[in-house]
Every structure is written in structure tokens, then in C-alpha cells.
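Peer 1: Handing you this structure, nothing more for now.
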Amino acid sequence: MIRRLSFTAAGVVVVIVLVVAFVGLFMLRKPGPLEGTTTKLHLETVAAVGQANEWPRPNDPHPDWVGYLPTTTWKVPANSTIQVQIDQEDGASGLRNPFWGKVFGTEGGNMHVTYFDDKGNPQEGDMTSIDPTQAAHTFAIPDLGVFVPLLGVGDNAPPGTQNTITFSFKTRGPGIYRWQCFVPCAAGTLFGNGGPMQTIGYMGGTLIVT
Amino acid sequence: MGVFRIEEADRPHLLRLLIIWVVLSIVGILAALQIHYPPYDQSVQGLDQSRTLALLTVLATPVFIGVVIMVLYSAIYFRRTTTELVDGPPMLGNTPVQIAWIAISAVLVLFLAVFGIVTLASSNVAQAVGTPGRSIGQSGGQTGSGTIGGTGPELQVQVVAQQWYFTYRYADYGGVETTHLYLPVDRPVELHVTSLDIIHSFWAYQLGVKADANPGVDNIFHVTAQKTGSFQVRCAELCGLWHGHMADSEGQVVSQSEFDTWIAQQQKDYEVISKAVPSYAPFYFPEPLLKAG
Amino acid sequence: MVVPERVSERRLSIPNNAITGILFAIPGYFAGVWLGTLFGLNDDQNTGVILGYIFATVAFLAGVGFLNYPFERLFGWRVSPLTDPDENRGVGRFFRLSLDHKVIGLQYLVTILIMLLFGGIGAMMIRTSLLVPDSSITPSGNYISLIGLHSVMMIFITSAVIVGPFGNYLVPLMIGARRMAFPRLEALSFWVVPPAAVILAAATFWGGFPTGWTGYPPLSEQASQAMDSYIVGFALIAVALVTSAINMLATIIGLRAPGMTWTRLPMFVWGIFTTSILGLLAAPVLAAALFMLTLDRTTQTSFFLASNGGSNYLWENLFWFFGHPEVYIFILPAFGIIMEIVPHFARKPLWGYRTGVVGLFGVMLLSFFVWQHHLFVSGIAPVLRPFYMLSTELISIPTGIIFLVTLGTLWRARVWFTVPMLFCMGFLFNFLIGGVSGVYLSDVPTDVTLHGSYFSMAHFHYTIMGGEIFALMAAAYYWLPKMTGKMLSPTIGRIHFWWMFIAFNSTFFPLFIVGLLNMPRRVSSYDPALVGLNRWVTISAYFLFGSMVLFAANLIYSWFFVARPALANPWHARSLEWQVPTPVPARNFERVPLVVAGPYDYGIPNARPVADLGGVVGATGGG
């Protein structure tokens, strides 16, 4: 009887360990660290998270995936204006729905862009829309009505440079808001919408409004 | 009705069951009629659905109560009372009762089916029979109105699903694309639902509309809003990471004049991007199509 | 013709146990990945992963010993002896390739209960994350992976949970056969299930697949390598369904004892018979659809891509052509169990035996003509909708017959209220709600609102969990005394029933309301107005899980810690399987029995015992 009891107990322990491991895999595998609550977001978008000017992640499990850096989960205060600066280092790949070439939901309905034109000359200015085929990514928080297309780095731009996009938007009440990209930028997946586009930490994440 | 000869031993049971069943069924039906059934009455189609739900519940109540009291009655009255095992009466079946049971369920089912088909045939159902439901390929010939500015009384609105947001295009207003759905009250609307990538499902809950958005397909649904107010739009087909967030609570049913003001503003905003957006079509196959960067 | 003088003494001596299977499977996986990387058209690893899983499974089966017999026959070598059920009664036989249907039944039972635990844990995690309306407990991506794992794992389980353990163990005993018709196919139908479960679980290492159990393309073509787990795992389950179905049909048709006429066949065997026909005809369609999906994912064909000339409707139709019969594959054996158990405890003959059989066949036939009711809002041609609405509603007629037969059997009975009987009554209540809610979904106008909402989710949980799993519990409490030789504790059983019944209804009934109030399935964030109902459901779900733990405890307790063996016929039932001694002898019957009466002839004056067993000492039936 004691032998049976110990076998049963051992079996139960093994099952519990397996179950805890299984649960942990899902419940604990959450996206990267949060920044403190801030009204200024400084982000970087890159073609491969393994290689970036500011916050490279060479040890990432998918170093060749596109992504927003340094993280994709941000904490911001409720009902306040958030200033966003995005250093955009990726080339253009075009919007699936060209409609998103227009800027929605920012303060003033526009964004400020520093970029290089077709001839490689530096340019700067306010924009309310861009050529949809020239979009590299978008910064979109649909539940706040914010959709901002990010201009891709032109072919003639000096190597290693970036476009800088700045804009600001207003948050609403507390909650968890998802943000995503509308450019099908996940190379190698159907419609460019798999892989990094469907993995939090690359081209998707949440805006935690507190 | 000689075939339905009721055995002496069955009589008290049948009488009791009949009384309980009739009383409980009446109570149940009265209770079922007190419920307000979704999706309520913001649209003609929604009202139709909530009435059908009420009818189904009224029909289901006596059936449900009948079977449940049979089970409970057996559990209470046909329980063995002796300590030793005894066999029950060897009843092998009763053909008239079986025929009656099958006949009654067949009548119920056929009534429901005929009722459903009649409802479907009427034009104020979201997907009426005979209404073109989809068109595949350019030569489908069943595109409803795939052209800008259809002349029919119905407002042509296209729902464009993509991972993970719905946008809307108004064919009668130059194909203007908007981020929220506004509908004028009391005007029949023909919704053309399509997708740019994978399968989504456009669910406007309060309007009683649910239509899958398939790539390369123009799925047509009808809706006539009859009350102003806001409604919710959600995706009802699993579509990947943000499926659960693919929702918009800012849909609005507004008066015709408010709608005109709103659409004029939308057209003005749209100008800046209108050149880049492809002209209104039953569906779109944007690049990239395959696995490419 | 050259006749060899003697058969070669050579043998293919792969040891036939699970450990060599695992040892073979690991290099098999890497060989497949290597080949796939070498020849794959895409630079993603899908080809490699799919080949890896297939190679691993084949190598596992080889390691378990499936190749010995065919190769020895092929080369004219000496054939390894069949695993002789007379030898080796130890625990080790459960970890080897055994051709004894009783061993396979128990192997199935334990495997599936372990799978059920993980499926259930998945459900608990889903409910836990729905405690809050904003996906802050489980992130969105993990949530849809969980949905996929829970649903596919549960589909694997429910496909086999009755046919596997109880069908395999009991069908030969019930029809008076000494073995199955195709014991190797029967063993194969079991030995592909553990690899299928492991392959499915492997999806977590690729990040999980996002499609739920329906696997709709193009989403499933967009998904990561985790989708390959879904494809291969499901294909293995299709193999299990087909092999098990062929074996069951051949056994039931060919190996019935003399005198076991079709009208003396126990209802449970009829349930297995009809479900096997469904499995045989439906599962190959799934395999074909999965093969197309594999080609789309690995070799860039476009069966399901509208932009390249395919259509996602192709998958939807093929999948549901399998998928709807599949749900009747779940429920037909459950109908069989209910109609089998109720007469034994009502102590009355089955009321309308032939009508009941007609009901089973009616459900089976109609289930092939209803699949498009899953596609009412998908944009199918509108003229098809009335037909599928009618055919779907027609199914309620044969289903009603099952209720009629059961209620008729209870009429003026002397019901012996045992735990199996309680579960049968629970089944009747739950399945009634499941069936009635099905009518709401079959009506096109209401389906527009209900489709894809929690209403349909509650509907199929009422039919599968409230139906099939309640029938499974009835079967477990009824037949485990024969199978394990130990009675499950009736006291714990009663607590288990009431606990499970109340917790089940408290969990799933509110979900009908949640669905009516605008909550779609498979969402991690929902309308905050529904948070109260969702929390109620989650807490009830924890209780439901607790009731399953209680069942597991009862099972382990009775199996390992109850010293007193069960009686050979504790229920004083007439049917044949109770007339053999417990534990069941290796060859079931000393000689093939001669069946002389029906299994449900209770109360009939001068009814003969069910069979002439030729001197085997067993309990006498007939009460």
C-alpha cells in the first residue's frame, strides 16, 4: 500500500509540475519591460531588430524581424497629450489599404517629418498625408482614432540615415489600447501580415493608459 | 381513435403529467414573452430577428418543459421503492405513440422551416433569398451595384475589412472612404462586405447584421435602420492577433440631414488621399499578394 | 512454383515498446527537418517541420513495432508471434504494442484522460484571462494560442473518448467475439493518438497557432510553423478515425457470435456502428483538405487564396463536410450509451428498439447534409440557405426519437438510481438544452445574430460536454468495474454528479446570455458591461474543473487503493459483457457463446439468459 501511495503521489507531482510549466508558458510569457509612465514616447522603427542605430537587439530570437524599439508596451497618463518622436530607419514597402496614407487623430491633423527627398537632399515639413507607396510603417491606435503613416527612407538617402517623424495625440480614459502597423511589413508571410505583425514585441503592442 | 387505447395503469400518470405540463407551459410561455430579445429594434432586420427569437423561445418552451417534467416525473414516481431488484413491466414499444411523436416533431420542424423560408423570402431580411449574396470574379454578374452612384433607392456602402480594422466606402458619394460607419435613418442600405486579406466577419450587433468578409468576394447584406443612435461593430471571425480588439463603438445612425453634413465633411477630408486610393470596385486585390517582402 | 523448404528463421526484431518508439522518433524528426530544409521551396521551415513530424511519427510507430509484421511477411521471414494475451499480465503490457482489445481500451482510457487534463487546464486559463475585459491577464497573442490548443486538444479527445476506451474494450465482449477483426489496425488507431497530442503540444514552442480548431485559410496560411502542428496532428487523428472505423465495422459485421442477430445487438454497439460509418466517410475529406493546406503552405499552390485563383470557400466546405459529421461522431456513441444503460437500471426492455436504431441511422445520414449551416453568413449562394435550414431542423426528428425511446423505457419503470443512471438523466437535461439551442442556430435570420457568438459556443459545449462527457461519465461508472476490476465509489460518484451537473449548467447557461448580448467567440477583450456574467462563468468553471479532479481522485482511489475486487456483474445486468468473469479472461470467452435472447429482456416472463456460455462460470443475468 505504501508503495502504491508513493507511486501515486509521484505521479500526481509529475502531473502538477507539467501543468504548472504549461500554465507558465502562457501566463508568464508576456512582452518586454515597461517604461515608466511618460508623456514623451521616443521610438525607433527598423527593418531588423538585430540591427538598429539606437536600441539594437542582437540576441533576439528573431533578429531579422521588423520591429518597433526599444519596446512595444508603453505606459502613458490618461487624458493628456502624448508627444511622439519616431526614428524611422526602414525602407518603404507600401500600404495594403492606401487610405492609411492620410494622417488621422493627431493634434492639428498633421505630423512633422524630417526626411531626404528623391535626390537625397534633406527636407523638413508638416504633412497631412504621404504617398501610400512610400510608407514604411504606420503608427496606429485604432481605438483612439490615431493613424500615422511613417515615410520610408528613400533610395537616394545617405546610408545609415533615418526619417524623424514627430506628432502628438490625446489619450482618453484609462485602459489597455492596442496599437499596430497597417503596412504589410512582415516579409515572408502571406499578405505581409504574419510573424512580427502578429507577435507582440515587434509590430504590435499595447498602450497602457493609467 | 381506437389505436390510442390508454392502459388503466397509465391513466393517473398521464393525467398528472398533462396538468403539470399545461400549467408550466403557459407560465413558461408567458415568461418567455416578457423577455426583450436582442438585437432589439434599431433596424428593421434586427426587429425581425428579435421577433423570430421570441417565436422560437415560445415554441421551445413547451417542448423543453415537456421533456424535463417527463425526466423528473420518472425520477420521482418510477423510482424503485423496494430494497430488492424488481423488473418493470415488459413494454416493448407502442407504434401509435411512436408515430405520433415523430409526426408532432415533424410538424414542428416543418412549421419552423416554412416560417424561416417565408421570412427569408421577404425583402427586409439581412440576407433575403434571391438577393445576390456574393460575386466572385469580375464576371460574376451578381454584384448588386458595383458602380459608383447606383440609382436604386438603397444606399450603397462597402465594408472593407483588413487586419485589423473596418473601413467603409460610400459608392454614392464618390467612393469616399471613412473610418466609422454612419447610416441615415429609415433608408434601406445595401452593405457590400469584402476583405483585403483574410476572412473577417462584419458584425453590427444592434443592426442585426453579420456578414463574413472574404477576400475577392462581394458579400451583400441589407439593413434599414429605423432608430437613431450609436451601434457597435465587431469582427466575429477569428482573424489573428488583434481579433479581440477589432471593434468600433462609434457607428452611428443619424438623420438624413446630419448624414449629409457628415458625409460632406468626410468628402472634404478625403480629398487629400483620394487620388491614391483605387476607385470603388466590388473587391480589391492589393499588392503584395503572396509571401513577399 | 518454388515452395521454400522452410520459413527463414530471420526476424525483424525491433522491440515493441514505447521507449524504443521515442528513441526512434527523435532522429526521425531531425531527419525530416533536414530533408525539408534541403528540398523546401520556401525559406521558412514549414516543409522541414511537417516532414519532421511525419518522419517522427512513422519512426515512432516503427519503434513501437508496427513494421515487424509487414516486413517479415514481405521477406518471407519467420513472423514474430502475436503478442499472446495469455502471457505477460503485468503492467508492462500497457507500454507495449498489444493486440489485445482490452489492453488497447485501457491504454486509450489513460492517454485520453491525461489529454483531457491538459485540455481542461487550457479551458481554465481561457476563463482566467476572461476575468478582466481587457486582456491584461493573458496577452492577446497567447490568448488565441490557448484557444487553438484547447479546442484542437478537446476535438482530439472527444473524437476518441468513447470509441477508444469503451468501444475497443466492450464491443467484442458485447457481441460475443474473442478478438477484434483487425487488431493491428485497432492498435494503430491508438498508437497515433499520443504522437498527435505531443505534436499538437509542440505548437507552443513555435508560438501557438491563431486559427482555433477551424483552421480557416488564409489565416492558417499566414500563421507560423505552429500551424504545422495543427495539420499533422489533425491528420493523425483522421488516420485514427478511419482505422478505428474499419476495424469496428468489420468486427461488428463479421465477428458477432452465433445468435447475435442485428435485432439483439446492444444499443451501444449500434452507436459505435453508426459513428464508425461517419468516421470512415468523413475523416478522409479532412485529410484531403489538410493535404491541400499543406501544399498551399509549403509549395505555394493556391487552393485557398482568392487572389491567386483559389477560394477560401473550398476549405470552409471541405472542413465542415468533415466537421459536421465529426460532431455526430462525438454524440452517436453517447446516444448508444444512454439507450444502453437506461434499460438496465429501469429494469425494463428498451422501449422501441427498432425505432431507436432508426433514430441513430437517421442522425447519421442527415449529418452529411447539413454542413453549410456553418456558412449561413459567409456569403454562400442565398438559394442554398433554405435547404440547409430545413435539413438541419430535420435532424431534430431522429434526435427526438432517442429521447422518446429513453423516456419510454423510463415509463412505469422500477428505476434503480445508481450513479450511471444519474449521469444519464443529466445527459437528457443537458442535451435537451443543447438540441433546442441548435434550432435557434439553424434558423437563418436568428443565426445572423447568433453565429460566431458565445451562443453557439455555449450550444456546442452543451452538446459535447453536457452530452458526450456526461455520457462518458455514465459509461465510466457503469463499465469500469468490468474494465479495471474495481467499483468506483458510489458516494463520491453521487457528489461528483451533483457537483458537475450544477457547475456545468452554471458555467455554460450564462454563456447563452453573454452570446445574445454581443460577445463574439475567441476574443480576449470584450464589452466591460459583460464583466459580471463572465466572472460568474469563470468561477463556475473552476468548480467544474474541481468536479473533474474529484472524478480523477475517485478513479485513482478505486483503481489503486480499493482492495475488494468488483463483482462480475454488480448491476445484475442481462447483457453479454457482464456474463464474463472479472477480470476478463485473455480470450474473453472460453468458447464462442451462443446468443439466445436479447440484452434487454427484463420482466419478460420465462426470459432465457442472454447466451449459452458453455460452462463459463459468471454471474447470471436476468434479475
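The values are calculated or read from the model by the stated rules, or taken from the named source; none is laboratory data. No experiment lies behind these values; they were computed from the predicted model shown. Glycine gets a Cβ as well: all are built from the backbone with ideal geometry, and neighbour counts include every protein chain shown. What goes into the accessible areas is simple: the full protein's heavy atoms, side chains included, and nothing from ligands, DNA or RNA. Shrake-Rupley method; radii C 1.70, N 1.55, O 1.52, S 1.80 Å.
Peer 1: Please enumerate the residues belonging to the range C:92-107 that are open to solvent by less than 30 Å² (accessible area, probe 1.4 Å) and over 18 Å from C:PRO583 (Cα atoms).
Peer 2: C:LEU97
Peer 1: Name, by its number, the condition in (1) open to solvent by 10 Å² or more (accessible area, probe 1.4 Å); (2) away from chain A (no Cβ under 14 Å); (3) more than 12 Å from C:VAL152 (Cβ to Cβ) that does not hold for C:TYR216.
Peer 2: (2)
Peer 1: Something else about it: Residues that are open to solvent by 10 Å² or more (accessible area, probe 1.4 Å): list the strands (runs of 3 or more DSSP E) wholly contained in the range A:96-210 that include at least 2 such residues.
Peer 2: It comes to A:111-116, A:122-127, A:163-170, A:175-180, A:204-209.
Peer 1: State yes or no: is B:ALA211 within 10 Å of chain C (Cβ to nearest Cβ) and open to solvent by 10 Å² or more (accessible area, probe 1.4 Å)?
Peer 2: no
Peer 1: Another question, if that's okay. Looking only at the range C:437-461, count every residue that is facing another protein chain (nearest Cβ under 9 Å) and under 23 Å from the mean Cα position of the chain (by Cα) and tell me the total.
Peer 2: The number of residues fulfilling the criteria is 1.
Peer 1: Do we find that C:PHE501 is touching a helix residue (DSSP H, G or I) at 6+ places or on another chain (Cβ under 7 Å), under 30 Å from C:PRO570 (Cα atoms) and open to solvent by 30 Å² or more (accessible area, probe 1.4 Å) in this structure?
Peer 2: yes
Peer 1: Hey, can you tell me all the residues within the range C:570-623 that are modelled with pLDDT of 85 or more, surrounded by fewer than 22 Cβ atoms within 10 Å (Cβ to Cβ), within 13 Å of chain B (Cβ to nearest Cβ) and within 17 Å of C:PRO481 (Cβ to Cβ)?
Peer 2: Result: C:PRO570, C:HIS572.
Peer 1: Those residues that are more than 12 Å from chain B (Cβ to nearest Cβ) and surrounded by 20 or more Cβ atoms within 10 Å (Cβ to Cβ), I need them from the range C:295-316; list them, please.
Peer 2: Passing the criteria: only C:PHE303.
Peer 1: Could you list, in sequence order, the residues of the range C:274-313 that are more than 22 Å from C:LEU41 (Cα to Cα), among the polar types (S, T, N, Q) and touching a Leu at 6+ places or on another chain (Cβ under 6 Å)?
Peer 2: Across the range C:274-313, the qualifying residues are C:THR274, C:THR275, C:SER276.
Peer 1: Quick one: in the range B:4-39, of everything that is touching a residue at least 60 places away in the same chain (Cβ under 8 Å) and part of a loop (DSSP other than H, G, I, E, B), which residue is nearest to B:THR95 (Cα to Cα)?
Peer 2: Restricting to residues being touching a residue at least 60 places away in the same chain (Cβ under 8 Å) and part of a loop (DSSP other than H, G, I, E, B), the top hit is B:PRO38.
Peer 1: Does C:THR251 satisfy the condition of being within 14 Å of chain A (Cβ to nearest Cβ), among the hydroxyl-bearing types (Ser, Thr, Tyr) and either crowded, with 22+ Cβ neighbours inside 10 Å or touching a Pro at 6+ places or on another chain (Cβ under 7 Å) (or both)?
Peer 2: So C:THR251 does not fit the description; no.
Peer 1: Which of the residues spanning the range B:47-70 are crowded, with 18+ Cβ neighbours inside 10 Å and at the interface with chain C (Cβ under 8 Å from one of its Cβ atoms)?
Peer 2: Within the range B:47-70, B:ASP48, B:GLN49, B:THR52, B:LEU53, B:LEU56, B:ALA60, B:VAL63, B:PHE64, B:VAL67, B:MET70 meet the criteria.
Peer 1: Among C:THR392, C:THR355, which is without any contact (Cβ under 8 Å) to a residue 60 or more places away in the chain, within 18 Å of C:PHE268 (Cβ to Cβ) and open to solvent by 10 Å² or more (accessible area, probe 1.4 Å)?
Peer 2: Matching residue, one of C:THR392, C:THR355: C:THR355.
Peer 1: Continuing with the same structure: Identify all residues within the range C:205-243 that are aromatic (Phe, Trp, Tyr), in a helix (DSSP H, G or I) and over 18 Å from the mean Cα position of the chain (by Cα); write none if there are none.
Peer 2: C:PHE205, C:TRP206
Peer 1: Considering B:PRO282, B:PRO286, which residue is facing chain A (nearest Cβ under 10 Å) and either over 30 Å from C:MET457 (Cα atoms) or modelled with pLDDT under 90 (or both)?
Peer 2: B:PRO286
Peer 1: Scanning for something within 9 Å of chain B (Cβ to nearest Cβ), over 25 Å from C:ILE157 (Cβ atoms) and not in a helix (DSSP H, G or I), does the range C:380-399 turn up at least one residue?
Peer 2: Yes, the conditions are met somewhere in the range C:380-399.
Peer 1: Looking only at residues in the range C:18-30 that are open to solvent by 40 Å² or more (accessible area, probe 1.4 Å) and more than 16 Å from C:ALA202 (Cβ to Cβ), which one is farthest from the chain's Cα centre (by Cα)?
Peer 2: C:PRO27
Every residue, every condition in (1) open to solvent by less than 10 Å² (accessible area, probe 1.4 Å); (2) closer than 22 Å to C:GLU326 by Cα; (3) not aromatic (Phe, Trp, Tyr), yes or no:
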{"site": "C:PRO165", "(1), (2), (3)": "yes, yes, yes"}
{"site": "C:PRO183", "(1), (2), (3)": "no, no, yes"}
{"site": "C:LEU188", "(1), (2), (3)": "no, yes, yes"}
{"site": "C:VAL193", "(1), (2), (3)": "yes, yes, yes"}
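Peer 1: Pick from the range B:216-234 the residues that are within 7 Å of chain C (Cβ to nearest Cβ) and open to solvent by less than 10 Å² (accessible area, probe 1.4 Å): which of them is nearest to C:SER525 (Cα to Cα)?
Peer 2: Residue satisfying both the conditions and the ranking: B:ASN219.
Peer 1: If I filter the range B:71-88 down to residues being more than 16 Å from C:VAL405 (Cβ to Cβ) and assigned to a loop (DSSP other than H, G, I, E, B), which single residue comes out as farthest from the other protein chains (Cβ to nearest Cβ)?
Peer 2: B:THR83
Peer 1: If you scan the range C:504-551, which residues turn out to be within 24 Å of the chain's Cα centre (by Cα), of a type in the set (Gly, Ala, Ser) and surrounded by fewer than 16 Cβ atoms within 10 Å (Cβ to Cβ)?
Peer 2: Selection gives C:GLY546 alone.
Results for (1) in a helix (DSSP H, G or I); (2) over 19 Å from C:HIS344 (Cβ atoms), shown as yes or no for each residue.
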| residue | (1), (2) |
| --- | --- |
| C:TRP559 | yes, yes |
| C:GLU577 | yes, no |
| C:ASN588 | no, yes |
| C:ALA597 | no, no |
| C:ASN606 | no, yes |
| C:GLY614 | no, yes |
